[in-house]
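Q: Here it is, the structure in full.
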Amino acid sequence: VRQKALNAVDIFTVEDLFYYFPRRYIDRKTIQPIGNILMNAPEMTFIAKLFKTKVFPVKNGPTRLNAAFSDGTGILTCIWFQGGEYVSKILTEGEEYIISGVPKYFSGWKIDHPVIERLDDAENLKNTGKIISLYPLTAALTAKNIDSRTFRKVIHNALEQFGDQIRDDLPFSIRQKRNFFDLNTALNEMHSPANEAQRQLALKRMKYEEFFHLQLILCKRRMNMKALPKSCRIEGSGDLMKKVYENLPFDLTEAQKKVVREIYDDLKSDKLMNRMLQGDVGSGKTVVALLAMLMMVGNGFQTAVMAPTEILAEQHYKVFRSMCEGLDVEIILLTGSMKKSVREDRLSYVADGRAQIVIGTHAIIQEGVNFKKLGLVIIDEQHRFGVLQRGELVKKAGETPNILVMSATPIPRTLSLSLYGDLDISIIDSLPKGRKIIRTAVRNDADMPKIYDFIKTEIQNGRQAYIVYPLIEKSAKSDLQASNAGFEELSSGIFKGIEMSLLTGKMKGEEKDDVMNRFKAGEIKMLISTTVIEVGVDNPNASVMLVMHSERFGLSQLHQLRGRVGRGTYQSYCILHLGEVGNDETIERVKVMETTNDGFKISEADFELRGPGEFFGEKQSGMPDLKLAHLIYDRELLNEARTDAFELLQGDPILANHPDLRDFMNNKFKDKVQFLDYS
């Protein structure tokens, strides 16, 4: 039963125990006597003995618990207003505890809901003057009497017994170069630090190790990709590409031209292209992707475009067909919701090569989709696809195709090389001529009448507007309730008589197409939507974006929504409504949007605030977890790890001279990535 609780926190082996690091530390030098508490004191830590507990049943509410502690200098009462009955079962009178919290005076010193950890006599003697480790605990662990004290004992004993058997996969030359502890020393200092300086040195070594493993994977994938034989090489840009380029109704920006040249050089070279195209919202990535595809089609190859959603796939399909009007190019759409008969017909076009450009969702990588001569794969919204999904699409080709991945969410410049180190990076860092800066304002409920009047004025001036509601819960049901309620209220109230429509991800494809076509044609003046319009929707006449409850969105998502307006020559506006916000931090986060239109700056702020997990959405398949290292705060360490990993593999590509590291990488990441074979 204890094993089940440990397995739930990813502890299956003794080695897993070594890597179950403390969540915080208490230095005994910072522990204060209760008698030293002063008014308006900050968070403090005490060691005191529990001498009395009292449970107060509350009618129609949770049980309250009062627990009185003493250290000989004073008495401190800890109060739990929730979970009191549970806490009372794990406290034992007469035992000593570490207590942390903010003390307040009300008929004696009290702390509400403190952080509390049990000590014992042996620890008291052993840890005098030392730093005490406190470990992450779950309800399941606590229920099985596994607490920080248990972890301290078990991990100390395990390191004493097995520490000298730990294989250190970090090469000695790197440890020497970077002045790092060996692994055994680092683990001991992480769990039982002699002092804060030693703990920081151990932490640096362990953070570096996480980055080093990540960079080895990216570097090896890059090297393997570059070494693959290339049969899909173009001889020139081709007549199709030249014809479209010369007939574009606008001039490409210098940044776009530079990226087109980089892609052309890749496609013409003897090495496979493996490139990421980054650009801010509205920077013109789509036309660059089309020119790349036409280079391949003009040289007799098929191309595939994989988008994260059907609405974006359909948008690409329409845009590419429109831009290729009058050309002899067969473009088909392939999605999971298609009727079987239509799908089978289109699959035959893919298999015999009649389909030259295939646009779709993840349906492209499903069984039964076979290309005749696939030469280029374009993956849109890279961060929504795992590494393994990208590998699946590559396998669809008889030969390995060129790869171009596009990110509509700008990734902080300082992180691009580190997160996508297996890819060459191209950046479109300027907007098309004539685009005006979108004016952004954060507003609350009291401002809504003025906001609605402003939207009315814009519509009367011939413009159009979006109002976006958040996906409050994961279920589509609540999504529809939010947007439906907004639509009903607005269409029968303040905007009565104005042509408006609802757009949600749950609508059928034909319904969505009809709404989008009518909106783009100007028949629908206002679109009430969910985040289904976040990416790819393009209407140059839309000038107002109102996002309701903007506090529920990440900054990068808000930037994407803002990018749905400002796509023409009209002055555009983004209004971010704040609902009932509980803290100033949330307000400040959203207000970042008022300060800049630069997607790269916004993405860095978003990344810093939310961390990589939330920033990228679904966990990146095939990437090691970062338990200690932070991609923003530890970027200098990350760059060091990248440099060392690339230098090591350039001199020893298959790690023949580093067998411990080779074995570790192949065993640790065998289910996530194939370190020695690119898939």
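Q: Only strands (runs of 3 or more DSSP E) wholly contained in segment 482-583 count here; list those with 1 or more residues that are crowded, with 17+ Cβ neighbours inside 10 Å and among the β-branched types (Val, Ile, Thr).
A: 526-529, 542-547, 573-577
Q: Is it the case that some residue within segment 256-268 is farther than 30 Å from Thr596 by Cα, touching a residue at least 60 places away in the same chain (Cβ under 8 Å) and among the hydroxyl-bearing types (Ser, Thr, Tyr)?
A: The answer is no, given that none of the residues of segment 256-268 is farther than 30 Å from Thr596 by Cα, touching a residue at least 60 places away in the same chain (Cβ under 8 Å) and among the hydroxyl-bearing types (Ser, Thr, Tyr).
Q: Okay, next question. Here are some conditions: (1) surrounded by fewer than 15 Cβ atoms within 10 Å (Cβ to Cβ); (2) touching a strand residue (DSSP E or B) at 6+ places or on another chain (Cβ under 6 Å); (3) not acidic (Asp, Glu). Gln32 meets all but one. Which one does it not meet?
A: Here Gln32 meets the rest and fails (1).
Q: Okay, moving on. Grab the strands (runs of 3 or more DSSP E) fully contained in segment 13-105, keeping just those with 3 or more residues being within 29 Å of Glu196 (Cα to Cα).
A: Qualifying strands (runs of 3 or more DSSP E): 24-27, 44-56, 96-101.
Q: Moving to a separate point now. If you check every pair at least six apart or on different chains, which have Cβ atoms under 8 Å apart with a residue in segment 483-507 that is of a type in the set (Phe, Trp, Tyr) first and a residue that is loosely packed, with under 12 Cβ neighbours inside 10 Å second?
A: none
Q: When residues of segment 5-58 are filtered for being out of contact with any helix residue (DSSP H, G or I) (no Cβ under 7 Å at 6 or more places or on another chain) and over 30 Å from Ala202 (Cα atoms), how many remain?
A: Going through segment 5-58 one residue at a time, the tally reaches 17.
Q: Do the conditions hold for Arg443, that is, is it basic (Lys, Arg), under 25 Å from Asp598 (Cβ atoms) and at pLDDT below 90?
A: no
Q: Check Lys257, Lys242 and return the single one that is at pLDDT 85 or above and over 20 Å from Gly375 (Cα atoms).
A: Lys257
Q: Has segment 270-288 got at least one residue that is in a loop (DSSP other than H, G, I, E, B), free of Cβ contacts under 8 Å to residues at least 60 places away in the same chain and either outside the structural domain of Met507 (by TED's automatic domain parsing) or within 13 Å of Ile378 (Cα to Cα) (or both)?
A: yes
Q: Give me a count of the residues in segment 160-195 that are crowded, with 20+ Cβ neighbours inside 10 Å and hydroxyl-bearing (Ser, Thr, Tyr).
A: Within segment 160-195, residues that are crowded, with 20+ Cβ neighbours inside 10 Å and hydroxyl-bearing (Ser, Thr, Tyr) number 1.
Q: What are the residues in segment 243-269 that are part of a loop (DSSP other than H, G, I, E, B) and in contact with a Ser or Thr (Cβ under 6 Å, 6 or more places away or on another chain), if any?
A: Thr253
Q: Does Glu392 qualify as being modelled with pLDDT under 80, part of a helix (DSSP H, G or I) and surrounded by fewer than 20 Cβ atoms within 10 Å (Cβ to Cβ)?
A: Criteria met by Glu392.
Q: While we're looking at this one, here's another question. Just give me the residues in segment 159-191 being of a type in the set (A, V, I, L, M, F, W, C), in a loop (DSSP other than H, G, I, E, B) and under 13 Å from Met206 (Cα atoms), in sequence order.
A: Those that are of a type in the set (A, V, I, L, M, F, W, C), in a loop (DSSP other than H, G, I, E, B) and under 13 Å from Met206 (Cα atoms): Leu170, Phe180, Phe181.
Q: Moving on. Would you point out the residue of segment 59-90, among those that are among the charged types (D, E, K, R) and either exposed (fewer than 14 other Cβ atoms within 10 Å of the Cβ) or not assigned by TED's automatic domain parsing to the domain that holds Ala48 (or both), that is modelled with the highest pLDDT?
A: Lys89
Q: In segment 220-242, what residues are surrounded by 12 or more Cβ atoms within 10 Å (Cβ to Cβ), part of a helix (DSSP H, G or I) and hydrophobic (A, V, I, L, M, F, W, C)?
A: The answer is Met223, Met225, Leu240, Met241.
Q: In contact with a helix residue (DSSP H, G or I) (Cβ under 9 Å, 6 or more places away or on another chain) and farther than 15 Å from Ala292 by Cβ: is that true of Asp270 in this structure?
A: no
Q: Counting just the residues of segment 300-324 that are in contact (Cβ under 8 Å) with a residue 60 or more places away in the chain and part of a helix (DSSP H, G or I), which one comes out farthest from the chain's Cα centre (by Cα)?
A: Met323
The values are calculated or read from the model by the stated rules, or taken from the named source; none is laboratory data. Since the model is a prediction, treat every value here as computed from it, not as a measurement. Quick reminder, even Gly has a Cβ in these numbers, built from the backbone with ideal geometry, and neighbours come from all protein chains shown.
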